[in-house]
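First comes the structure, then the notes that go with it.
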Amino acid sequence: PQQGDFAIAGSININLGVERRGLLARSSYGSFNTFRQLLLWAPKEARDDTFAAVQFRRSDGFGDNRNSLGASSMMQYGFGNGPWRFRLTGIAHGIRARTAGVLRRDDIDAGRVGFYRSYDHPTADNQNALSTRAIIGFSGEHRAANGANAEVGLWLSHDVFRLQANYTGFVERSEFNSDWVGRGDLIEQQNRTTSLGLHARFRTKPYKPASWFRSTIEVGLATRLDLIEQAQFLIQAPQNQTWDERDDADIRGTDIGVYGDLAVDLTDFVSLRVGARADILVYEIDDRLGNRIPDFRADSFIVGFRRSAFGVAAGPRASAVVRPAPWLSFLASYGEGFRSPQARTLDDGETAPFSKVRGGDLGAQITVEEQLELRASGFYTRLSDDVAFEPREGRLERIGATRRLGATVHMTLRPVPWLVAAGSLTYVDAELLEPPPATADDPQPPFEEGQNLPYVPPWVLRLDVGAQGALGRIGSEDLRGRIGVGFNHLSSRPLPFGESAAPVSLLDAAASIGWGPVELGVQAFNLADARYAAFAFNFASDWNTGGGARSRLPARHIAAGAPRTVMFTLELHL
């Protein structure tokens, strides 16, 4: 029940802290003139949740137009004694990178463009991305002697995202002047968000009417306010002249969520959790390009569409764990979550059409002390309104209801203290249930009822093996060593219009040796130097600048994955 917006798959709870105290300096250098510097300070006399860190990274990137610069910082201060503990957290990051965009596979096969190159046009050379974010948060946690606990937190964030990308070449036509065409489909997207959030929860002391019964109740509140500016344009490179406007809107969104959670332990063998959550979302949209008319019509009104919407999303969450033996447990769960809508798609007074998910899991876990952990589970989910990438607009668009049916197996093996191996295998059958129908603007839509969901690989395999321990002793210090390899495989991924992408297999490796405060390491990614597509798409495009009829047939497009990358690292810990 603690999961709010975007509770459609899962979540990760991260606690920030540094166990190994002191001053850490780590410098890395490797392929493509990539450099990374990390400085981390964790005062030895302070708690684990008190630290400060800063990181800088630059790279020329592989191939054309892939250089980047980025920096990030993070600090946290933990204080308070007795039942109250407090944390003050600050995070900031910024990065700017040039991007090569996508290439048509037929152009690569014909030798018109290299696999790691980009198209030789200003509209392709000017592709880039910028992202910045700053977050500050304060939280306090209270733990009473009787077992009750509570938490309250407040946070403020601001982020800026800007992307310039061209997926389709030279096919777009201006919606303001139909004579403007062939200027390059370089999309500029802008999103600026300022958010303020508050959360609070309270869990009661355990209720124990009998030795075999124990229960607690948690209630919580989470609310956030979002002030969002969104814009999308077509721009002509290299002057960055705007030649078409697609979106320009201000959005005010408010989310008020409440939940309750009952946890019951029946003996040491059965644990039950039953809860529910409800979220109220309110939107106000100032769409400055709403009610836009074609350039050949002469309607007498001013462009703009101001509106508001209100919606409620509510659903249960429940799980049960049965442990017939200390080494064996079974789990079953069911939940209903939601994803908030893209506010610009709402009509005035509309009940917000949340993307609702209903999902269930059934699994088992075997644990043999620290030597073996084996988990297997099956899952079923149905999402009322899924999304997929739409290249003409360069963003995710709604594609209707979908369902996923699958299973996953994960094993961790520690036969000896210095060796660990882990493997996971996931299978999913993802099916599109209700795709958007054909329209006059799109008479041949890319999706059909019953087809596999685009871009979702049915099989995913991951294998890892690692070893670490003392190699000997030099003076008063141990000589430490670590080595590990990892293998990742994605099966063929479905694409729109009945196509599929090639499978991907990647091998990574890492090793390090350390003595006292010094450690030297090396990491290799894509060790076999496989040539693969990090992303694959199927849509119509035309990169021919010589004139003539523009192609409207779907074609395979790829964004190249990184070739073999090697990084050397020197670490000093004082």
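The values are calculated or read from the model by the stated rules, or taken from the named source; none is laboratory data. Quantities reported herein were computed from a predicted structural model and do not represent experimental measurements. Heads up, the Cβs are rebuilt from the backbone with ideal geometry, glycines too, and the neighbour counts pull from every protein chain shown. Ligands, DNA and RNA are excluded from the accessible area calculation, which covers all protein heavy atoms including side chains. Shrake-Rupley method; radii C 1.70, N 1.55, O 1.52, S 1.80 Å.
Within the stretch 323-363, the residues that satisfy the criterion of being open to solvent by 30 Å² or more (accessible area, probe 1.4 Å), outside any loop (DSSP other than H, G, I, E, B) and among the small types (Gly, Ala, Ser) are Ala332, Ser333. Within the stretch 280-292, if we keep just the residues that are open to solvent by less than 30 Å² (accessible area, probe 1.4 Å) and in contact (Cβ under 8 Å) with a residue 60 or more places away in the chain, the residue that is nearest to Ile217 (Cα to Cα) turns out to be Leu281. Just to be sure, is Arg20 in a strand (DSSP E or B) and among the charged types (D, E, K, R)? So Arg20 does not fit the description; no. Inspection of the stretch 379-391 identifies no residue that is within 30 Å of Val102 (Cβ to Cβ), of a type in the set (D, E, K, R), without any contact (Cβ under 8 Å) to a residue 24 or more places away in the chain and open to solvent by 50 Å² or more (accessible area, probe 1.4 Å). Of all residues in the stretch 267-279, count the ones that are surrounded by fewer than 20 Cβ atoms within 10 Å (Cβ to Cβ) and at pLDDT 95 or above. Residues that pass the stated criteria total 8. Scanning the stretch 129-172 for residues that are in contact (Cβ under 8 Å) with a residue 60 or more places away in the chain, under 29 Å from Thr99 (Cα atoms) and among the charged types (D, E, K, R) yields one hit, Glu172.
Report whether or not Gly197 is assigned to a strand (DSSP E or B) and either at negative phi or in contact (Cβ under 8 Å) with a residue 40 or more places away in the chain (or both). Yes.
Among residues of the stretch 523-538 that are of a type in the set (Gly, Ala, Ser), those with a beta-carbon under 7 Å from a residue that is assigned to a loop (DSSP other than H, G, I, E, B) at least six positions away or on a different chain give the pairs Ala524/Arg564; Ala533/Ala501; Ala533/Ala502; Ala533/Gly561; Ala534/Gly561; Ala536/Arg493; Ala536/Leu495; Ala536/Ala501.
Arg482 falls short on exactly one of the conditions (1) within 30 Å of Arg392 (Cβ to Cβ); (2) touching a Ser or Thr at 6+ places or on another chain (Cβ under 7 Å); (3) free of Cβ contacts under 8 Å to residues at least 40 places away in the same chain, and that condition is (1). Can you find a residue that is over 28 Å from the mean Cα position of the chain (by Cα), open to solvent by 30 Å² or more (accessible area, probe 1.4 Å), under 28 Å from Gly394 (Cα atoms) and at pLDDT below 95 anywhere in the stretch 219-236? Yes: one or more hits. Of Arg192, Arg183, all but one fail to be open to solvent by 20 Å² or more (accessible area, probe 1.4 Å), farther than 14 Å from Ala237 by Cβ and out of contact with any Ser or Thr (no Cβ under 6 Å at 6 or more places or on another chain); the exception is Arg192. Answer yes or no: is there a residue in the stretch 553-567 that is open to solvent by 20 Å² or more (accessible area, probe 1.4 Å), without any contact (Cβ under 8 Å) to a residue 60 or more places away in the chain and not aromatic (Phe, Trp, Tyr). There is at least one residue in the stretch 553-567 that is open to solvent by 20 Å² or more (accessible area, probe 1.4 Å), without any contact (Cβ under 8 Å) to a residue 60 or more places away in the chain and not aromatic (Phe, Trp, Tyr). Of the residues Ser72, Ser68, Ser28, Ser11, only one is farther than 30 Å from Arg117 by Cα and either of a type outside the set (A, V, I, L, M, F, W, C) or buried (at least 17 other Cβ atoms within 10 Å of the Cβ) (or both); which? One residue alone meets the criteria, Ser11. Scanning the stretch 430-440 finds one or more residues that are at pLDDT below 95, in contact with a Phe, Trp or Tyr (Cβ under 6 Å, 6 or more places away or on another chain) and part of a strand (DSSP E or B). Between a first residue in the stretch 32-59 that is at positive phi and open to solvent by less than 60 Å² (accessible area, probe 1.4 Å) and a second residue that is part of a loop (DSSP other than H, G, I, E, B) and acidic (Asp, Glu), which pairs have beta carbons less than 7 Å apart while being 6 or more apart in sequence or on different chains? Qualifying pairs under 7 Å: Asn33/Asp60.
Looking only at residues in the stretch 484-517 that are open to solvent by 60 Å² or more (accessible area, probe 1.4 Å) and aliphatic (A, V, I, L, M), the one that is farthest from Phe35 (Cα to Cα) is Ala502.
Is it true that some residue in the stretch 304-317 is modelled with pLDDT of 95 or more, over 26 Å from Leu198 (Cα atoms) and open to solvent by less than 60 Å² (accessible area, probe 1.4 Å)? Checked the stretch 304-317: no residue is modelled with pLDDT of 95 or more, over 26 Å from Leu198 (Cα atoms) and open to solvent by less than 60 Å² (accessible area, probe 1.4 Å).
Residues that are charged (D, E, K, R), out of contact with any Lys or Arg (no Cβ under 7 Å at 6 or more places or on another chain) and open to solvent by 30 Å² or more (accessible area, probe 1.4 Å) within the stretch 122-174 comprise Asp125, Arg133, Arg143, Arg162, Arg173, listed in sequence order.
For the criterion of being open to solvent by less than 40 Å² (accessible area, probe 1.4 Å), modelled with pLDDT of 95 or more and under 23 Å from Ala510 (Cβ atoms), Gly481 passes.
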